[in-house]
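Structure, as structure tokens:
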Amino acid sequence: MKFLITLILASCVAAAPAINARSRLERRLARRAGSSHPIQRIPSSEIHPQGTPTKNEQYSSNWAGVVIANPPSGTFTAVSATFTVPQPQTTGGGSTQSASAWVGIDGDTCGSAILQTGVDFFVDEDNNVSYDSWYEWFPDYAYDFSGISFKTGDTVALSVVSSSSTSGTATIQNLSNGQQVSQYITSSSALCGQNAEWIVEDFEENGGLVPFCNFGSVSFSNANAQTSDGNSWAADIGDLIDIQQNGQTLTQSSQNGGGVVTVQYV
């Protein structure tokens, strides 16, 4: 696996502009050792006064978007959505900044496992923008997909499907260029099927949150989840989550009806 990943990384670097080759390799290696993590909720007693929660809105240090905490019936077996790849912008500070948009099963009330897939956004101090796609079955770390690329404005479809509590498939399609990747995954960490998520995340690298970029806006459309009894549920029934760090609210999430979830950087 390490040899294969090294080959993938080497081919990606070879294809990148020379000015970014070193930084992209280092970034990929760091992301490979990093991970998306379960939601880190902020207790209501610690929410900064800047945050004025609306009904069913909560705060965390790493997730923004919508979480359905418990299915109305059955257990969650699939989560999907479509979004347009944003153009991230730096907020200053002289380092590469990042964010990630993904869909997943579990990671909230079921903290033992998450099946998820998504796209990372990166922007460096010179406003060079790049994107990676990945899949993960937490508590294992994230693995990069190869064979798919993105540019600002592309339309991307994401889905995760569990075939059992310890196996499933992650799929990403770039509907703009026709590329598609998929990965069958197994894990010894069982899913609970309790949570469905549509999230923009400040993910972790090397044990800490990455510098969070201004991702503009991500709108998940066709944001739906399926349950084991054959029913389909739109993200409209979930709870809103927003990111608050160091006393500042960094995102504003909303449910716009018809299975649309919008997360804005503020």
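The values are calculated or read from the model by the stated rules, or taken from the named source; none is laboratory data. Since the model is a prediction, treat every value here as computed from it, not as a measurement. As a convention, Cβ positions derive from the backbone with ideal geometry for all residues, glycine included, and neighbour counts pool all protein chains shown.
Brief remarks follow.
- Wholly enclosed strands (runs of 3 or more DSSP E) of region 180-266 bearing at least 1 residues over 19 Å from Ala170 (Cβ atoms): 217-227, 232-234, 239-245, 251-255, 261-265
- Top-ranked residue in region 120-164 [being without any contact (Cβ under 8 Å) to a residue 40 or more places away in the chain and crowded, with 17+ Cβ neighbours inside 10 Å; ranked as nearest to Leu209 (Cα to Cα)]: Phe145
- Any hit, region 182-196, residues being at pLDDT 95 or above, surrounded by 15 or more Cβ atoms within 10 Å (Cβ to Cβ) and aromatic (Phe, Trp, Tyr): no
Table: residues versus (1) closer than 22 Å to Ser130 by Cα; (2) free of Cβ contacts under 8 Å to residues at least 60 places away in the same chain; (3) among the acidic types (Asp, Glu).
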| position | (1), (2), (3) |
| --- | --- |
| Cys192 | no, no, no |
| Pro211 | yes, no, no |
| Ser219 | yes, no, no |
| Asp229 | no, no, yes |
| Ile241 | no, no, no |
| Gly247 | no, no, no |
